[in-house]
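Q: Could you have a look at this structure, given as structure tokens, before my questions?
The values are calculated or read from the model by the stated rules, or taken from the named source; none is laboratory data. Quick caveat: nothing in here was measured; it's all calculated off a predicted structure. In this analysis, Cβ positions are derived from the backbone assuming ideal geometry, glycine residues included, and neighbour counts consider all displayed protein chains. Surface accessibility is based on the protein's heavy atoms, side chains included, excluding ligands, DNA and RNA. Shrake-Rupley method; radii C 1.70, N 1.55, O 1.52, S 1.80 Å.
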Amino acid sequence: MNKKFSNTLLYILASGFLLWHLLPLFSVGKAVAPSNKTNAEIAMNTMCYGGDLTVPTFGNPLTDPLTVDLNTRPELVATSKSLTSVDLGPYPNSGNTNGEEGWQADSYGNNSSTFDVKDNSILAIEMKNFVDGDAKWRTPQIPVKPGESLRFASEYRSNVASTSNVTFILQDGTEKYVTLSRLSATDSWKQQSTEVIVPKNVVALRFSVILDQNGWLQTKDYTVDRYITPGFSRGIVSFTFDDGWESIYKQGLPLFEQYGIKTTQFVVADYDVNEAYMSPDQIRAMQKLGHDIGSHSFSHADHEVLQDKDLAREVAGSRTVLNQKYGGTNNFAAPFGRYNQDVNDAVKQCYQSHRTTDSGFNTPGYDRYTVRVQNVEVDTKPEQIREWAEFARDNNLWLVLVYHQVEDGGAYSVDTAALESHLKAVKDTGVHTATYEEALIETYPQGR
Ligand SMILES: [Zn+2]
């Protein structure tokens, strides 16, 4: 091959390479010309990185570190003097409790569960005949103060999925369960580690790994450490809405305008043809007013049971469809809040973050693929919303609220009067409000 020819070839290759990679950049932030393909046709056979979508704000999550190790996170190294381990006392030596406040073998509901302690170190549970309920070993009660953080770690193995949880014990003695993270089945011992911030009115807590289906679960090497919660430069509250209901546009939007609050709408790519949901024009109208659009999948399927092409259509396909219509769809929220490792891996290939429905507040160093939230339901009182907002303000945390319909409806609907009382409660605290994406871009780099 002569030199001239090879230079020309290089030039052609280079131009092709540049065009291939630069063209999508020009479409960032704005919708491309509408195509006359159906949503399903567009969603089929799409991919993210290496495909038709550009890398969003924080770079390629496949090559970028996703989480920061608690021990090396700068904010925590600075406060590491206050990182103290909690003495959990000896493990129980049988399938019983160590007294009222000690380790507990706890189950409820319609199932047959057996508890066992192997070699004084492995806490085992086996469940059969599951209809409902769950079974778990609970750590002793740990006295706590609101605003402090605890890290809970343990080793586990199991033949089915389980979850790590915390039970908050409130001043009045009532208990509240909160899911911390989802754990996949594993034959070999694996470590789980989660962090929790103690909310207001909580005086003690217990950690547990919960089995809620037929199978077995073993846990060992429990550790709990306390530390001072590191904060961002300010507290932020984000209002997010799932599904893209038309009632959000009709009943909610006038209130958002009145209170000057910009929301994030996680919409379902293939729902815009159904009149219960916002039309593309309504979504664009919200976008023009400063509201942000995220993906809530292609068809609202249960992602935990999807694989391969189906999962790709929901995750990657929805981004392609939504980007063609609205542009700038960079964040994902899984339907029903259901996800596993495969779902998160797929989300990492396409989006800069994943908003879950797992309860909690976000602190510096949070994993942007398991962004925590507070779920708003029909009976959520404005006092609760105010308490969450004050907690975020006082501790400089990021609070993400999750809403659905704005009408008289099911368990996840709030009517206009309730929504207005929530917006007012947040405004009254003086905490900063921002769209989900604005808050992500402000907070995420502070923890790296
Ligand atoms: Zn949904």
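Q: What FRET efficiency would be calculated for the residue pair SER112, ALA185, taking the C-beta separation as r and a Förster radius of 25 Å, to the nearest 0.05? The partial results should precede the final answer.
A: Numbers: r = 20 Å, r/R0 = 0.81.
Using R0 = 25 Å, I get an efficiency of 0.80.
Q: Additional query: Under a crude label model (7 Å from the Cα following the beta-carbon direction), how far is ASP302 from ASN214 in nanometres?
A: The two pseudo-label positions are separated by 1.6 nm.
Q: Could you look at segment 350-407 and say what percent of its accessible area is carbon and sulfur, using a 1.4 Å probe and all protein chains?
A: Numbers: 590 of 1600 Å².
Answer for segment 350-407 is 37 percent, counting heavy atoms of protein chains only.
Q: Carbon and sulfur: what percent of segment 80-228's accessible surface (1.4 Å probe)?
A: Values: 3050 of 6930 Å².
Exposed carbon and sulfur together represent 44 percent of the surface.
Q: If PHE168, PHE115 are ordered by their accessible area, calculated over protein heavy atoms with a 1.4 Å probe, which sequence runs from highest to lowest? Please list the in-between numbers first.
A: Values: PHE168 10, PHE115 45 Å².
Ranking PHE168, PHE115 by accessible area, largest first, yields PHE115, PHE168.
Q: May I ask you to give the solvent-accessible area per residue for segment 244-317, in square angstrom, as obtained with a 1.4 angstrom probe?
A: Values: 3070 Å² over 74 residues.
Accessible area per residue, segment 244-317: 41 Å².
Q: What share of Cα pairs, in percent, lie more than 23 angstrom apart in segment 87-192?
A: On the way: 1655 of 5565 pairs.
Looking at segment 87-192, the distances longer than 23 Å represent 30 percent of pairs.
Q: Applying a 10 Å radius around every beta-carbon, put 129-140, 315-326 in order of their mean neighbour count, most first. List each step's numbers first, then the result.
A: Values: 129-140: 18.8, 315-326: 26.4.
Ranked from most to least packed, the peptides come out as 315-326, 129-140.
Q: Summarise the accessible area of segment 275-349 (1.4 Å probe, protein heavy atoms) by the percent that is carbon and sulfur. Walk me through the intermediate numbers first.
A: Details: 1270 of 2790 Å².
The C+S portion of the solvent-accessible surface of segment 275-349 is 46 percent.
Q: Could you sort LYS250, LYS288 by accessible area so the largest value comes first, with the probe set to 1.4 Å?
A: Details: LYS250 120, LYS288 185 Å².
Result of the area sort, largest leading: LYS288, LYS250.
Q: Note down the magnitude of the dipole of segment 236-447 about its Cα centre, charges +1 on Lys and Arg C-beta and -1 on Asp and Glu C-beta and zero elsewhere, to the nearest 20 debye. Could the numbers behind the result be given before it?
A: Details: 18 positive and 32 negative charges, 127 e Å.
Dipole magnitude for segment 236-447 comes out near 620 debye.
Q: Residue-wise, which Karplus ³J(HN,Hα) couplings in Hz belong to segment 115-125, taking 6.51 cos²θ - 1.76 cosθ + 1.60, θ = phi - 60°, and x for glycine or proline?
A: 10, 8, 10, 9, 6, 6, 9, 10, 8, 10, 9
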